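Working notes, beginning with the structure itself.
The values are calculated or read from the model by the stated rules, or taken from the named source; none is laboratory data. Remember, it's a predicted structure, so these values are computed and weren't measured experimentally. Every residue, glycine as well, gets a Cβ built from its backbone with ideal geometry; the counts of neighbours run over all protein chains shown. These area figures cover heavy atoms from the full protein model, side chains too; ligands, DNA and RNA do not enter into them. Shrake-Rupley method; radii C 1.70, N 1.55, O 1.52, S 1.80 Å.
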Amino acid sequence: MDRYRGNAKAIRDLVKGYAVHRDTYVDKEIFDLEMESLFPNTWVYVGHASQLKNTGDFITSKIGHQPLLISRHRDGEIYVLHNRCPHKGVKIASEACGNTGKFFRCPYHAWSFKTDGSILAIPLKKGYEGTGFDTDAASEGLARVRNVKIYRDFIFARLADNGLSFEDYFGESLSTIDNMIDRSPEGKLEIIAAPIRYMHQCNWKMLVDNQTDTCHPMVAHESSAGTAVSVWEREKHKFTETPMAVQLYAPFMSPYEFYEGAGIRVWPNGHGHTGVSGSIHQDYDDVSEYMTRMEAAYGPERARAILGDVRHNTIYFPNIMVKGPVQILRNFIPLAVDKTLVESFVFRLVGAPDKLYERSLMYNRFINAPTSIVGHDDLEMYERAQEGLRSDGNEWIDLHRLYEADEPRDANEVVNGTSERQMRNQFYAWSKFMTLNMDQSVEAAE
């Protein structure tokens, strides 16, 4: 029997503000509803224009369970299409990326489509004459996603026909993407390498929660980053400069006081970031020639302002994290209630010294990769949590830290850096977009 389908109150009751029910992480029906309602109702990142430089280039992506095909057409435009042949429903492209040439061809019956999705050819087309096919949706080719926004080369899409505009959905939170792009002297980013991909056996929201959890690094990473720092303290007298690896690892052992002072900003619709007045990325060594190029592009004052904004992790609800100072985007792709695929992309700052790209690649390998000594700490915690939530000892997950009973939803404010406010903010948005269609259905019925 369905407990939550069509029951907006039951879903909202899972979020108390200071606590959320374990079903939000472990219940398959809730997961299915996320795929059907939450993801289609939100603006989801599906790719970057630099992955589609040439005519015929394509990438594949997903929103919820729905496969998408994004391509560069001969008119220079980017089209976001449903990755499904209108004939028998076969996926047109299964690869992560590639170049299809002038058209896509279904591998089942050879229906072919232009790179804007329109029909190119159907074998034995005379067999459809007089059948009414020409008025059917199948005759139009690959269905296009209607709501698409390319914001400074970042491609977002919303599957639902109605909902918040892109601008209303993201609002001031776009400043993180702006800052990451503006770190390029030419104001441009590009992806020139495949992402690191790996699987986590846990619910996707655990990874999202962890990005603004500032009370775990000095505990969970003590055996990894902590050990690296201990070795450095013992051996640093042998070095004339601090190795890049140490610069990347050491900040993870910053004390609670550091994170408290760094602050967290929350924005409406579940977005937010750590590192308002300081972050773990603030003390990296300067890179030769970089400031000179930035000042030439923006002027000294503007260049200092751009590089002085060192936000740690920015969550774009529902499922990506952007790390501006090292130009990394992580995409948390839900596959099952307890299985999440992670894609960790590194962007190159066009016009910047190669040393910056090298540092970003190193960060991705050292901190995010399956071979990372830090990332495994988090994975261990996620999987323990996924298993521990089966316990009937307590059905609720506690989010009381610095909670206030009159805490506003959809707020824009800065709070203590160890607050669980951003996690609560995400669940306020979760409840809102999970039940959006249910509320509209009730209104329509009335």
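So between His216 and Ala245, what do we pick up on full extension, going 0.36 nm a residue minus the alpha carbon distance? Please list the in-between numbers first.
Details: separation 29, 0.36 × 29 = 10.44 nm, distance 2.06 nm.
Answer, rounded to one decimal: 8.4 nm.
Starting from the Cα-Cα distance between Lys16 and Tyr256, subtract it from 0.36 nm times their residue separation and give me the gain in nm to one decimal.
83.8 nm
Per residue and in Å³, how big is the convex hull formed by the alpha-carbon atoms of segment 170-282? Please list the in-between numbers first.
Values: hull volume 19.9 nm³, N = 113.
With only Cα atoms used, segment 170-282 gives 176 Å³ per residue.
If eta is 0.692 mPa s and T is 37 °C, what Stokes-Einstein diffusion coefficient results for segment 193-433, Kirkwood Rh from Cα pairs, in µm²/s?
Translational D for this selection: 172 µm²/s.
Which of Asp213, Asp309, Asp354 moves most in a GNM of the chain, Cα contacts under 10 Å?
Asp354
Structure shown: which of Lys205/Lys323; Lys9/Lys149; Lys149/Lys188; Lys53/Lys102; Lys188/Lys323 lie over 21 Å apart, alpha-carbon to alpha-carbon?
In this structure, Lys9/Lys149 lie more than 21 Å apart at Cα.
When only Cα pairs under 8 Å and 6 or more residues apart are kept, what is the percent relative contact order across segment 45-151?
Answer for segment 45-151 is 23 percent.
Between Asp410 and Arg152, what length comes free when the chain is fully extended (0.36 nm per residue of separation minus the Cα-Cα distance, one decimal in nm)?
Length gained, Asp410 through Arg152: 90.4 nm.
For segment 22-31, take each phi angle, set θ = phi - 60°, evaluate the Karplus expression 6.51 cos²θ - 1.76 cosθ + 1.60, and give the result in whole Hz per residue in order, putting x for glycine and proline.
Taking θ as phi minus 60°, the curve returns 4, 4, 5, 10, 10, 8, 5, 5, 4, 4 Hz for segment 22-31.
Select from the chain the helices, each a whole stretch of DSSP H, whose alpha-carbon atoms run 24 Å or more along the helix axis and whose Kyte-Doolittle mean is at least 1.6; answer none if there are none.
Correct list, ordered by number: empty.
Computed on alpha carbon atoms, what radius of gyration and Dmax characterise segment 45-151, expressed in Å?
Answer for segment 45-151, Rg first and Dmax second: 13.7, 44 Å.
Report the equivalent ellipsoid semi-axes for segment 270-312 in whole Å, largest first, defined as the square roots of five times the eigenvalues of the gyration tensor built from alpha carbon atoms.
Result for segment 270-312: semi-axes of 23, 13, 7 Å.
State, to one decimal in nm, how far the label point of Glu235 lies from the label point of Ala336, with both points 7 Å from Cα in the Cβ direction.
So the two model labels end up 4.1 nm from each other.
Probe radius 1.4 Å, ligands and nucleic acids ignored: give me the carbon and sulfur share of the accessible area of the chain as a rounded percent.
On the chain, the fraction of accessible area on carbon and sulfur atoms equals 49 percent.
Any idea what the dipole of the chain comes to, in debye rounded to 20, about its Cα centre with Lys/Arg Cβ at +1 and Asp/Glu Cβ at -1?
So the dipole magnitude of the chain works out to roughly 1520 debye.
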